[in-house]
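The values are calculated or read from the model by the stated rules, or taken from the named source; none is laboratory data. The structure presented is a predicted model; accordingly, all values stated were derived computationally and were not measured. Note: ideal-geometry Cβ built from the backbone for every residue, glycine included; neighbour counts use all protein chains shown.
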Amino acid sequence: MNGKLIESDIEDVETVAKGLEEAGVVVVPGFLDRAAVHRTAEECIRLFRQTPSWAHHEEYSLGQSVRMERADIDASQFPAVAAALSGEPLERVVERVFGPDCIFSRTVYAIQDVVGSRTRVQQLHYDKMRHLKAFVYLSDVGPSNGPFHCVPGSHLLTRELEEENRSRRIVPTDDDARELPEDLVDKVVPVTAEAGTLILFDSDIAHHAGIVTSGERLAIRSLSFGSYRREQWYRTDGTPEIAP
Ligand SMILES: O=C(O)CCC(=O)C(=O)O
Ligand SMILES: [Fe+2]
């Protein structure tokens with residue numbers, strides 16, 4: 001099914017790092033085992049309902065998106081969410097990609113997509129502030145419940161497109177991050193996989209969320225950055241960038 005994608009064990013840091021460098025995306029089946037998937041999914045649902053003070057509901061159409069800083073998570077109440085994207089092997093990968101002064105799994109999102117969810121991330125785009133995204137399915141994801149889609153290798157194109165902006169610490173607008181060559185659309189690959197699968201991707205890759213036509217998709221994801229994120233970045237209008 002995912003024949004065009006590189007698969008690896010998360011412990012195999014070199015294969016993962018090489019895959020990220022060359023393709024911009026690596027799939028790690030079984031990153032969370034069944035028990036961890038179950039506990040994490042249950043805690044995500046609880047987060048949507050209770051939303052503790054350290055978690056923030058985002059505007060997200062019909063589905064749910066709760067954002068939190070990993071450092072703020074109350075691990076006594078939400079141990080599985082706190083642990084899901086905190087593991088050592090993942091940290092080693094992030095360090096290998098961004099160096100020892102990286103910012104590991106800083107911000108975490110729990111997300112639920114349902115039939116009728118409509119968001120801008122369903123359009124082909126790259127993310128404005130480059131990061132490494134760890135995206136874990138907490139449901140089995142097939143063609144009808146909104147698989148993540150991406151164009152392997154397209155991160156190299158974004159790197160070129162954004163080179164000048166980045167040298168000046170400028171992030172593009174949402175519209176700029178959707179200006180991509182038309183032929184990429186034919187090269188988009190859906191990532192269908194079982195619950196517990198980790199999709200690790202360079203956010204420079206051209207990607208979009210799938211549309212849910214039946215069932216739902218539950219997922220948790222984190223953002224890791226290089227040390228460049230500690231600097232002040234600006235929007236194209238000159239105002240400071242504050243988004244994750
Ligand atoms: O929900 C998805 O499948 C992808 C969303 C997205 O654009 C992202 O995580 O950067
Ligand atoms: Fe995105």
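Key figures
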read-out: Condition met for G24 (more than 19 Å from I111 (Cα to Cα) and either out of contact with any strand residue (DSSP E or B) (no Cβ under 9 Å at 6 or more places or on another chain) or of a type outside the set (G, A, S) (or both)); value: no
read-out: Flag if L180 is within 16 Å of ligand 2 (Cβ to nearest atom), assigned to a helix (DSSP H, G or I) and either under 24 Å from H56 (Cβ atoms) or aliphatic (A, V, I, L, M) (or both); value: no
read-out: Residue check, T173 β-branched (V, I, T) and buried (at least 18 other Cβ atoms within 10 Å of the Cβ); value: no
read-out: Residue within segment 117-124 that is charged (D, E, K, R), farther than 22 Å from A84 by Cβ, within 18 Å of the chain's Cα centre (by Cα) and away from ligand 1 (no atom under 12 Å from the Cβ) present; value: yes
read-out: Check on A243, away from ligand 1 (no atom under 11 Å from the Cβ), hydrophobic (A, V, I, L, M, F, W, C) and at pLDDT below 95; value: yes
read-out: Hits in segment 197-244 (condition: among the charged types (D, E, K, R) and more than 17 Å from T119 (Cβ to Cβ)); value: D202, D204, R229, R230, E231, R235, D237, E241
read-out: Wholly within segment 36-151, strands (runs of 3 or more DSSP E) carrying at least 2 residues that are modelled with pLDDT of 95 or more and buried (at least 19 other Cβ atoms within 10 Å of the Cβ); value: 64-69, 103-114, 132-137, 148-150
read-out: Single unsatisfied condition, T40 versus (1) in contact with an Asp or Glu (Cβ under 7 Å, 6 or more places away or on another chain); (2) in contact (Cβ under 8 Å) with a residue 24 or more places away in the chain; value: (1)
read-out: Test: residue in segment 190-198 that is part of a strand (DSSP E or B), under 21 Å from F31 (Cα atoms) and of a type in the set (D, E); value: no
read-out: Qualifying residue in segment 195-209 (condition: crowded, with 16+ Cβ neighbours inside 10 Å, within 13 Å of ligand 1 (Cβ to nearest atom) and among the acidic types (D, E)); value: yes
read-out: Residue among S76, S61 that alone is free of Cβ contacts under 8 Å to residues at least 60 places away in the same chain, among the hydroxyl-bearing types (S, T, Y), more than 24 Å from R120 (Cα to Cα) and out of contact with any Asp or Glu (no Cβ under 8 Å at 6 or more places or on another chain); value: S76
read-out: Test: L32 is closer than 28 Å to S76 by Cα, in contact (Cβ under 8 Å) with a residue 60 or more places away in the chain and in contact with a helix residue (DSSP H, G or I) (Cβ under 8 Å, 6 or more places away or on another chain); value: yes
